[in-house]
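Data block below; observations after.
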Amino acid sequence: MSLEGIVTLENVNRVYHMGDHEIHALKDISLSLETGKLVVVLGPSGSGKTTLLNVLGAIDKCDGKITVNDLEITRLGKKQLTKYRRKKCGFIFQFFNLLPVYNALENVEYAIELATNLSRKEVTERATEYLRKVGLFEKRFHFPSQLSGGEQQRVAAARAMAKSPELLLCDEPTGELSVNEGKKVLTVIQNMVKERSDVLTILVTHNQKIAAIGDTIVRLRSGEVDSIEEQTPIPAEQLSW
Ligand code: ADP
Ligand code: MG
C-alpha cells in the first residue's frame with residue numbers, strides 16, 4: 001500500500017508529567033487520514049484536541065509514529081522539524097496570533113518568505129492573492145488592531161494557506177468569534193479545502209454543530225478516539241450555533 005497523500009498516526013501517546021502526577025492526554029491513537037478532506041476533531045474541553053494538533057504540527061512531542069506524506073516526522077531532528085513546521089504546516093489558532101507590528105499583507109508575506117524561495121515580488125503577489133481569496137484585499141494594509149476578530153482570523157487563514165502547506169491545522173478557529181464572523185472564517189476554510197486536494201485540513205472544535213462542515217468526524221474522549229464517521233458536509237454558510 002502506498003502511503004502517498006496520507007497522514008498516519010500509529011500508537012501515538014502523549015503523557016504530561018506534573019510532579020508525580022501524570023496526565024495521559026493522548027492514549028494510543030492510530031488514524032489514517034486522506035488529503036483533500038476536511039477532518040473535524042470533535043471533543044469536549046480537555047479531551048486532547050489541542051495536544052493532537054500540536055503533535056501533528058510538531059509543536060509538541062509524543063511517543064509513537066506519525067507520517068505526513070511519507071515523511072516520518074516522529075524521527076526528525078530539531079532542524080528538520082523547524083523546516084517541517086515552516087514549510088509544511090499551516091496553523092490557525094483560536095487567538096489569531098498575528099504579528100501586531102506587521103500589517104495584514106506583511107503577516108502573510110512573512111509566512112511565505114519562511115516557507116519558500118520566491119522572489120520579493122512573487123511573495124507580495126501571492127500574499128495579495130490569498131488576502132483577496134479571504135475577502136480582505138481592501139484591508140491588506142490594516143494592522144491587526146485595525147481589524148475585527150473575524151477579519152484577523154481570515155488573515156490568519158490566508159497566512160496559513162499561502163505557503164501551500166501539506167497540513168492545515170485549525171484549533172477552535174471560531175472560538176473567539178461571533179456566529180456571523182465564525183461562519184465567514186469556516187467558509188474560507190471550506191473553500192480552501194475544495195481548491196486544494198493535496199492538503200489535509202484538520203479542524204478541532206468542541207462544538208457539535210460545527211462538525212457538520214467536515215467530510216470526516218473524529219470524536220475524541222479523554223484522549224482516545226471514540227468514533228470515526230464519514231459524512232456529506234454542509235456548507236458553512238448554512239450553519240448556526
Ligand atoms: P482540549 O484541546 O481538547 O481542550 P488539551 O489537548 O489542551 O485538550 O488537553 C488535554 C489534557 O492534557 C488536559 O487534561 C490538559 O490539562 C492536559 N495538558 C495539555 N497541555 C498540557 C501541558 N503542557 N502540561 C500538562 N498538561 C497538559
Ligand atoms: Mg484546546
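Laboratory data are not the source of any read-out in this text; all were calculated from the coordinates shown. Not measured: the values here are computed from a predicted model. Here the Cβ positions follow ideal geometry from the backbone for every residue, glycine too, while neighbour counts run over all protein chains shown.
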So how strong a dipole does the range 110-213 carry about its Cα centre when Lys and Arg Cβ are +1 and Asp and Glu Cβ are -1, to the nearest 20 debye?
260 debye
Positive end of the dipole of the chain, charges at C-beta (+1 Lys, Arg; -1 Asp, Glu), about the Cα centre: which of Ser119, Ala58, Leu239 has its Cα farthest in that direction?
Ser119
Which residues' amide hydrogens lie under 5 Å from the amide hydrogen of Glu224, considering only partners 5 or more residues apart or on another chain, with H built in the peptide plane?
Lys27
Taking a ≥ b ≥ c as the square roots of the Cα gyration tensor eigenvalues, with a/c under 1.5 meaning rounded and otherwise prolate when a/b beats b/c or oblate if not, the chain comes out prolate
Around Lys163, with a cut-off of 11 angstrom between Cβ atoms, what is the net charge of the other residues, counting Lys and Arg +1 and Asp and Glu -1?
+3
Considering only Ala157, Gly46, Thr174, whose Cα is most displaced toward the positive end of the charge dipole of the chain, charges sitting on Cβ of Lys, Arg (+1) and Asp, Glu (-1)?
Ala157
Can you tell me the relative contact order of the chain? Whole percent, Cα pairs under 8 Å, sequence separation 6 or more.
28 percent
For the range 1-92, averaging the sequence separation of alpha carbon pairs under 8 Å that lie six or more residues apart and dividing by its residue count, the contact order in percent is 32 percent
Neighbours of Ala127 by Cβ distance under 14 Å: Lys/Arg at +1, Asp/Glu at -1, summed charge +4
Extending each Cα 7 Å along its Cβ direction at Glu72 and Val101, get the distance between those two points in nm, one decimal.
4.2 nm
Need one number: nm distance between label points at Glu129 and Ser240, each 7 Å from Cα along Cα→Cβ, rounded to one decimal.
3.8 nm
Over the range 57-167, what relative contact order in percent results from Cα pairs under 8 Å that are six or more residues apart?
35 percent
